[in-house]
Amino acid sequence: MTTLFRIMGALVIAASLSVSLGAQWPSHPTPDVPRKDGKPILDGPAPRTPEGKVDFSGIWNRFGGGGGGGRGRAGGGPPPPTTTADGIPLSTFGEVAGRGFALPLQPWAAELKKRRMADNNKDNPDVWCLPIGLMQYHNHPQPRQIVQTKNLILITYESNYGLRYIYMDGRPAPNNDPTPWWFGYSRGWFEGDTLVVETTNFRGDERAGWLDVNGSPYTEALKMTERFRRPNFGTLEIDVTIDDPKAYTKPFTVRVNQRIMVDQEMIEFICNENEQSSKHIEPPKKPL
């Protein structure tokens, strides 16, 4: 099974589940949603925590630009834009910087990406039911839920049942050579209404280092800086700067757009449950 077939299958399953299970589950309206005539007011102001910070809590779905879409929603109409109005590339699941943007790849990284694509992307961690990396999670059509507290933010990803911790208590990055993380080690703080998250200590080997489905690589040297903004109740904008001098000749920044999902729930997704595909695929090659 190629990665393409796997992704297409996941999209079909997710879409069908959102329709069939949505009709079976009890309806539990999301609390604290501003409404008019029973409909959510998505362009209203963003909610705030008791401390006065923007509250990013909620279930979010990828949306808009660079090949948007999400669970249970069909595309159509004119081609989506590839950049923001000020020229920031719109990230996609297939390509981290979207269509038409030439990544500043180091020569070895460009060769590795070619090899991954020539192998039908079969070494993507998604094929092996492993965590797929933060940029693939950001762009995945299955939703994610943000749970925000004063000192910790949790992001649960429906895809591969991922769980990410963002520490908000002012701690520094680890400096004691710890075991690297699939999700990296994330610390966050607020700059005005913007949540800034810096993540380092990534696992960057052959199985882990995929920024997108087409295999744009990253290494253990990656520092990812995300800037989360919630300009209104229903919109989430995330600008992500990729700074990995081992894999790229210079840093670059991309945008991910998401929208709120109200009156819905996350679906349990266990990739390894009755998984029958990987035994027919050669295991990933050793890193270069």
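Right, E95: assigned to a loop (DSSP other than H, G, I, E, B) and either more than 20 Å from R207 (Cβ to Cβ) or at pLDDT 95 or above (or both) or not? Give the derivation first.
Values: assigned to a loop (DSSP other than H, G, I, E, B): yes; either more than 20 Å from R207 (Cβ to Cβ) or at pLDDT 95 or above (or both): yes.
Yes.
Within the range 207-225, can you find the residues that are touching a strand residue (DSSP E or B) at 6+ places or on another chain (Cβ under 9 Å) and in contact (Cβ under 8 Å) with a residue 40 or more places away in the chain? If the condition is that a residue be touching a strand residue (DSSP E or B) at 6+ places or on another chain (Cβ under 9 Å) and in contact (Cβ under 8 Å) with a residue 40 or more places away in the chain, then A208, G209, W210, L211, S216, P217, Y218, E220, M224 are the ones that fit. The residues listed here are D212, D239, D193, D205; of these, the one that is touching a Pro at 6+ places or on another chain (Cβ under 9 Å) and under 17 Å from G133 (Cα atoms) is D205.
Among the listed residues T225, T199, T219, which satisfies the condition of being of a type in the set (S, T, N, Q) and touching a Lys or Arg at 6+ places or on another chain (Cβ under 6 Å)?
Working: T225 fails: touching a Lys or Arg at 6+ places or on another chain (Cβ under 6 Å); T199 fails: touching a Lys or Arg at 6+ places or on another chain (Cβ under 6 Å).
T219 is the lone residue from the list that is of a type in the set (S, T, N, Q) and touching a Lys or Arg at 6+ places or on another chain (Cβ under 6 Å).
Do you know which residues across the range 124-151 are at positive phi and among the hydrophobic types (A, V, I, L, M, F, W, C)? Scanning the range 124-151 gives a single hit, C129.
Inspection of the range 175-188 identifies no residue that is touching a Lys or Arg at 6+ places or on another chain (Cβ under 6 Å), surrounded by fewer than 16 Cβ atoms within 10 Å (Cβ to Cβ) and either within 28 Å of K250 (Cβ to Cβ) or free of Cβ contacts under 8 Å to residues at least 40 places away in the same chain (or both).
Confirm whether G162 is under 22 Å from P104 (Cα atoms) and modelled with pLDDT under 95. Spelling it out, it is not the case that G162 is under 22 Å from P104 (Cα atoms) and modelled with pLDDT under 95. Under the condition of being free of Cβ contacts under 8 Å to residues at least 40 places away in the same chain and of a type in the set (A, V, I, L, M, F, W, C), the residues counted in the range 102-128 number 3. Only residues that are over 20 Å from the mean Cα position of the chain (by Cα) and either modelled with pLDDT of 90 or more or crowded, with 21+ Cβ neighbours inside 10 Å (or both) were counted in the range 70-85, giving 1.
So that you can scan it fast, the table gives a plain yes or no per residue for (1) surrounded by fewer than 19 Cβ atoms within 10 Å (Cβ to Cβ); (2) at pLDDT below 95:
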site	(1), (2)
D243	yes, no
K246	yes, no
T253	yes, no
I260	no, no
E268	yes, yes
N274	yes, yes
S277	yes, yes
E282	yes, yes
K286	yes, yes
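Here M224 does not qualify as under 20 Å from P47 (Cα atoms) and buried (at least 17 other Cβ atoms within 10 Å of the Cβ).
Screening the range 114-127 for residues that are over 18 Å from the mean Cα position of the chain (by Cα) and assigned to a helix (DSSP H, G or I) and picking the one that is surrounded by the fewest Cβ atoms within 10 Å (Cβ to Cβ) gives A118. Checked against (1) closer than 28 Å to N274 by Cα; (2) modelled with pLDDT of 95 or more; (3) crowded, with 21+ Cβ neighbours inside 10 Å, I153 meets all criteria but (1). Of the residues I166, I88, I153, I132, the single one that is of a type in the set (V, I, T) and within 13 Å of the chain's Cα centre (by Cα) is I132. Looking at F233, is it in contact with a Leu (Cβ under 7 Å, 6 or more places away or on another chain) and over 19 Å from G52 (Cα atoms)? So F233 fails the test. Within the range 103-132, the set of residues being among the aliphatic types (A, V, I, L, M) and modelled with pLDDT under 90 comprises V127, L130.
The values are calculated or read from the model by the stated rules, or taken from the named source; none is laboratory data. Source: prediction; values computed, not measured. Please note: Cβ atoms are built from the backbone with ideal geometry, for glycine as well, and neighbour counts cover all protein chains shown.
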